[in-house]
Amino acid sequence: MDAIDLKNVEVLWNRKVDSDYGRIGIRCAGYAAARPGQFVMLRFPGRFDPLLRRPFSIFRLIEQDRRIAGIELLYKIVGRGTRLLSMVRAGDAVDLLGPLGNGFCVAPDTRRIFMVGGGIGAAPLVFLAGSFKKGSVSAGHAQVFIGGKTRGDLPAMDAFSAMGLAVNAATEDGSFGFQGLVTGLLERAIEENPPDLICACGPMGMLQVIARLAKKYKIPCQVSIETLMACGMGACLGCAVARSGADDSYFHVCTDGPVFDALSLRF
Ligand SMILES: Cc1cc2nc3c(=O)[nH]c(=O)nc-3n(C[C@H](O)[C@H](O)[C@H](O)COP(=O)(O)OP(=O)(O)OC[C@H]3O[C@@H](n4cnc5c(N)ncnc54)[C@H](O)[C@@H]3O)c2cc1C
Ligand code: FES
C-alpha cells in the first residue's frame, strides 16, 4: 500500500496523558488498511520549525460510523517537535505522510503472543493488540509487558487494560508493579509458559536483551526500532541499523522496517 502525502488534515483532539505524554486524534483518509507497526511522518503546515517531519507509530485507528475516519498517535514530549505537537488544539491542522513501513507480521497459526513495550514503545503494540479480535490470537492468549522508569512512563497501560488484556508492568523506581526492568518480568513469564511469538518496541538496550532472551528460549521475535529519522523514505540514510552476519551491510529502518526479525539485526 502506497503512502499518502496529506496536507492540512484536521486534528480531532489532543489530550494530555500524564505530564510528558499526549494522545492526538487526526481525521485522515486512506488508513483503513494500515497495519500495526506502521508509522507516519508528521509536520506542522506552513512552518519550517522544526524543518523535518517527525515519525510516530500508529497507536489506534479511529472508527466512526463503521468506517476508519483517522488515526490516533501517542506521543512523548522529548524536544522541540513534540513540544509543539503538545500545543496543537482540536481544529488545528497537521501534514501527514503515511502509512509507512512494514508492520508486525503475526502468522495465522500463532496462539500465544507476548508484547513488550518500553516507555513510548508501547504505542504500536496497542494497535497490534487491537487487531487480534479479528484474528486467531484471543485476548486470553496475549500478554502485555510494559516498563518505564516510573509510573508516569506507562502511558499505554489504560489502553491495554480497556481491551481486557493481562498487563504486567515494571518500573525501575518501584512506583508501580514489579520493581526492576520489564525484561526481568518477561524472562520469568517465558520460563513459566513460553509464547509462540514475541513482539517488542522500545529502547535499543531493551530490544537487545529481548533478542537475546528470544534466542536463548528459541522463540520467534519481532522488534520495532525507533531510530532518529530525517526523511522516512529511504533518501537520507540517517536511520541505518546493522544487519546480522559477517559483512558490514545495513538496513534502513524507514523502508526495511521499522519491524525486523530480531535474528536479522546485529545488536
Ligand atoms: C518508526 C518510529 C516510530 C516512533 N513512534 C513514536 C511514537 O509513537 N510516539 C513517540 O512519542 N515517539 C515516537 N518515535 C520517536 C519520535 O519520532 C521522536 O521522539 C521525535 O521525532 C522527537 O522529536 P522532537 O523534535 O520532539 O525531538 P528532537 O528535538 O528531535 O530530539 C530531542 C531529543 O530526543 C532524542 N530523540 C529524537 N528522536 C528519538 C528517537 N527516535 N529515539 C530516541 N531518542 C530520540 C534526540 O536525540 C534528542 O536528544 C518514533 C520514532 C520512529 C523512528
Ligand atoms: S529516514 Fe531517511 S533513509 Fe531512513
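The values are calculated or read from the model by the stated rules, or taken from the named source; none is laboratory data. For clarity, every value in this text was computed on a predicted model and none was experimentally measured. Cβ atoms come from the backbone with ideal geometry, glycine included; neighbour counts cover every protein chain shown.
Can we say GLY37 is within 12 Å of ligand 1 (Cβ to nearest atom), closer than 15 Å to CYS201 by Cβ, outside any strand (DSSP E or B) and not charged (D, E, K, R)? Yes: the conditions hold for GLY37.
Could we say that VAL40 is surrounded by 15 or more Cβ atoms within 10 Å (Cβ to Cβ), more than 18 Å from the chain's Cα centre (by Cα), among the aliphatic types (A, V, I, L, M) and closer than 23 Å to LEU228 by Cα here?
No.
For the range 177-194, how many residues meet the condition of being closer than 18 Å to THR150 by Cα, in a helix (DSSP H, G or I) and free of Cβ contacts under 8 Å to residues at least 24 places away in the same chain? Qualifying residue count, the range 177-194: 1.
Considering (1) away from ligand 2 (no atom under 16 Å from the Cβ); (2) of a type in the set (D, E, K, R); (3) modelled with pLDDT of 95 or more; (4) closer than 29 Å to VAL40 by Cα, the lone condition that ASP256 does not fulfil carries the number (1). Entry remark, the range 142-171: residues being in contact with a Gly (Cβ under 7 Å, 6 or more places away or on another chain) and not in a strand (DSSP E or B) number 4 in total. Taking the condition more than 19 Å from the chain's Cα centre (by Cα), of a type in the set (A, V, I, L, M) and part of a helix (DSSP H, G or I), does ILE210 pass? No, not satisfied. Considered as a group, the residues in the range 187-237 that are within 22 Å of LEU128 (Cα to Cα) and hydroxyl-bearing (Ser, Thr, Tyr) include one that is nearest to ligand 1 (Cβ to nearest atom), and that residue is THR227.
Quick grid of which residues meet (1) away from ligand 1 (no atom under 13 Å from the Cβ); (2) under 17 Å from ALA33 (Cβ atoms); (3) in contact (Cβ under 8 Å) with a residue 12 or more places away in the chain:
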| site | (1), (2), (3) |
| --- | --- |
| ARG67 | yes, yes, yes |
| LYS76 | no, no, yes |
| GLY91 | yes, no, yes |
| ILE113 | yes, no, yes |
| ALA129 | yes, no, yes |
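Can you tell me which residues in the range 40-91 are under 18 Å from LYS7 (Cβ atoms), of a type in the set (A, V, I, L, M) and in a loop (DSSP other than H, G, I, E, B)? The answer is LEU51, LEU52, VAL88. As a summary of the residue check, PHE48 satisfies the conditions (1) of a type in the set (Phe, Trp, Tyr); (2) touching a residue at least 60 places away in the same chain (Cβ under 8 Å); (3) within 16 Å of ASP95 (Cβ to Cβ) except for the one numbered (2).
Entry remark, the range 233-267: residues being of a type in the set (Val, Ile, Thr) and exposed (fewer than 13 other Cβ atoms within 10 Å of the Cβ) number 0 in total. Only one of the listed residues (GLY238, GLY234) is part of a loop (DSSP other than H, G, I, E, B), in contact with an Asp or Glu (Cβ under 9 Å, 6 or more places away or on another chain) and farther than 20 Å from ALA142 by Cα. That residue is GLY234. Please work out if GLY238 is of a type in the set (Gly, Ala, Ser), over 16 Å from LEU207 (Cα atoms), free of Cβ contacts under 8 Å to residues at least 60 places away in the same chain and near ligand 2 (Cβ under 6 Å from one of its atoms). Yes: the conditions hold for GLY238.
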